[in-house]
Amino acid sequence: QVQLVESGGGLVQAGGSLRLSCVASGRTLSFNAMGWYRQAPGKQRELVASITSGGGTNYADSAKGRFTISRDNAKNAVYLQMSSLKPEDTAVYYCNVDLHFVYYWGQGTQVTVSS
């Protein structure tokens, strides 16, 4: 089993920044992809950004140029640096990891951007 603990969410004004962290514990070994998803009220969960074990990144169009995903394999952690936040970024953000095609989710952290 893998446990994921997210942190770093909160309330921020439009234009501000937040850094989300997700640390894995338990049966960690080496993850394939790690990523961040988000779900706004009344909407489906969507991919925000992902990063492969080799460091390759993929971003949703809405995140490009504003968000940066990174990972620290030694710490079993993945991060999401969010800048120039907009009210439409308001959502619960979830960490997701791929442990050899078995996927795990964190409990989510709320990000609220006020206008």
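Annotations
- Histogrammed with a bin width of 10 Å, the alpha carbon distances of region 52-115 distribute as 17, 50, 29, 4, 0 percent, first bin at zero.
- Prolate/oblate/rounded label for region 14-81 (Cα gyration tensor, a/c 1.5): prolate
- Taking every protein chain into account, the accessible area of the chain amounts to 52 square angstrom per residue (probe 1.4 Å).
- Multiplying the residue separation of residue 70 and residue 112 by 0.36 nm and removing their Cα-Cα distance gives an extension gain of 13.0 nm.
- Additional length obtainable on full extension of the chain from residue 98 to residue 83, 0.36 nm per residue less Cα span: 2.8 nm
- A full extension of the chain between residue 62 and residue 40 corresponds to an added length of 6.6 nm, given 0.36 nm per residue minus the alpha carbon distance.
- Solvent-accessible area, 1.4 Å probe, carbon plus sulfur percent, for the chain: 50 percent
- Entry note, the chain: relative contact order of 36 percent, from Cα contacts under 8 Å with a spacing of 6+ residues.
- All Cα-Cα distances of the chain, cut into 5 Å bins from zero to the largest, leave 2, 13, 25, 26, 18, 10, 5, 1, 0 percent in each bin in turn.
- Where labels lie 7 Å past Cα in the beta-carbon direction, separation of residue 14 and residue 32 in nm: 4.0 nm
The values are calculated or read from the model by the stated rules, or taken from the named source; none is laboratory data. Worth saying up front: this structure is predicted, and the values here are computed from it rather than measured. Using ideal geometry, Cβ is built from the backbone for each residue, glycine included, and neighbour counts are taken over all protein chains shown. We work out accessible area using only protein heavy atoms, side chains counted, and drop any ligands, DNA or RNA first. Shrake-Rupley method; radii C 1.70, N 1.55, O 1.52, S 1.80 Å.
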